[in-house]
Amino acid sequence: MDQIFKHLKIIAPPSNLERIILTRVSFIVRRRFAFRGLLALGAFSGVIWSLPLIGVAITESGFYSYLSLFISDSGLALTYWRELSLTLVESIPLFTLIIFFGLVTFFFWIIPRVVDDAQLVLSPVN
């Protein structure tokens, strides 16, 4: 194996190679921090935006009325618990809740990554 490489010249790396690499890595980290920060901001604004939608969907679907009936009249709830529980399940606004919990999950998933990138951006480069 040594015979194959014995005719190659040894080339010294450029003197500013470390600075070039660190500058490029710093640029990539700052860009990733900005992108993830915008994603976190978008997810947070989506969560805030979907809160009133959940309230409207719960009242429009009748879930709130059935739930208040289930909670307030215990005798009726115990007598017709199957029908009332199935009615509650059928009236849940699933689409709105899926959007809301998806945004909340994404927000809590992206926040640690934004914090890690912020620590890298704010740390001094040697």
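Here, the chain yields an orientationally averaged convex hull projection of 15.9 nm² when only Cα atoms define the hull.
Between Leu120 and Glu83, what length comes free when the chain is fully extended (0.36 nm per residue of separation minus the Cα-Cα distance, one decimal in nm)?
Computed gain between Leu120 and Glu83 is 7.7 nm.
Extending 7 Å from Cα along the Cβ direction at Gln3 and again at Ser91 yields two label points whose distance is 8.8 nm.
Given R₀ = 22 Å, what would the calculated FRET efficiency be for Arg113 paired with Ile28, taking r from the Cβ atoms and rounding to 0.05?
Numbers: r = 14 Å, r/R0 = 0.65.
Once rounded, the FRET efficiency stands at 0.95.
The C-alpha atoms of the stretch 53-105 occupy a region whose extents along the principal axes are 38, 17, 15 Å, arranged from largest to smallest.
May I ask for the angle, rounded to the nearest 10°, between helix 81-90 and the longest principal axis of the chain, with both axes built from Cα atoms and the value confined to 0 to 90°? Tilt relative to the chain: about 40 degrees. Among all stretches of the chain without exposed trypsin sites (Lys or Arg not before Pro) (DSSP loop, at most 10 other Cβ atoms within 10 Å), which one is longest? Between exposed loop sites, the widest span is 10-126. For the chain, the longest principal axis of the alpha carbon atoms and the long axis of helix 63-72 meet at an angle near 60°. Here the Karplus curve 6.51 cos²θ - 1.76 cosθ + 1.60, taken at θ = phi - 60°, turns the phi angles of the stretch 101-110 into couplings of 5, x, 5, 5, 4, 5, 4, 6, 7, 7 Hz, with x standing for Gly and Pro.
No lab work stands behind these numbers, since they all come straight from the coordinates. These figures come from a predicted structure and were not determined experimentally. Note that we place each Cβ from the backbone using ideal geometry, even for glycine, and neighbour counts take in every protein chain shown.
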